[in-house]
Amino acid sequence: MKLNHLSVISLLGILTLFIVNHAAAESTLPDIANADWLLLGTFATADADSWGDVAAFQTDYLTDIGGETAARPQEGQQTAGKTWAKASQAMPIDLLAAFGRQENCVAYAYLEFESSSEQQAALKLGSDDGIRVWLNGELLLSHHAARVVNADDEALIVTLQPGVNRLLLKITQVSGNWGVAARFRSLEEEQQDW
């Protein structure tokens, strides 16, 4: 098949439009890894000597502000006798730096972020130790574990709503290091890694 000059220009135009639209679509994912997260903690297990007791992991400490599914805390707000404070660093957040050496307890990390449209994304998470995850009030993950932070240990396909979205993380601590990491990737990026 012989292409004339006009056909080549048209194909190049279509290809350029596709690339620009594709790049624009990818850039709409919020950068939650470098956002201003709020932290609240710590809450000890009922029996601080027994990690097998998952009470703190399952207990909702946010009932003062509507519970874990409805919480919309603000910096400086008091909840369960503790104060929500801005994290001092980007992801991964070192919870030892935020709360000091702790054992057998949990803490929360909260973020509100904007999405330009309804879109699907891969929510990539890592935690030391276990983690529970709520997006817009829906519990998406509950993984009680003892492990180190590996930034992409968990991968969830999520749907971001247009406008404000709420992400709440509850991170457990057995002993030693303690932290959490979270970021979004496009589904296309995830497929390329497979």
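All of the numbers you see were taken from the coordinates with simple rules; none came from a lab. These numbers were taken from a predicted model, which means no experiment stands behind them. Heads up, the Cβs are rebuilt from the backbone with ideal geometry, glycines too, and the neighbour counts pull from every protein chain shown.
Annotations for the structure displayed:
- Förster radius 25 Å - calculated FRET efficiency between ASN150 and ASP31, Cβ distance, rounded to 0.05: 0.80
- In order along the stretch 103-115, the Karplus-derived 3J(HN,Hα) couplings, from 6.51 cos²θ - 1.76 cosθ + 1.60 at θ = phi - 60°, round to 9, 6, 8, 9, 9, 10, 10, 9, 8, 9, 9, 9, 10 Hz, and Gly and Pro are given as x.
- Note on LYS82: aspartates and glutamates with a C-alpha under 17 Å away, same-chain residues under 8 apart excluded, are ASP60, ASP64, GLU68.
- Residue by residue, the stretch 64-78 carries 3J(HN,Hα) couplings of 4, 10, x, x, 4, 7, 10, 4, 9, x, 10, 4, x, 6, 8 Hz when phi is fed to the Karplus relation 6.51 cos²θ - 1.76 cosθ + 1.60 (θ = phi - 60°); x denotes Gly or Pro.
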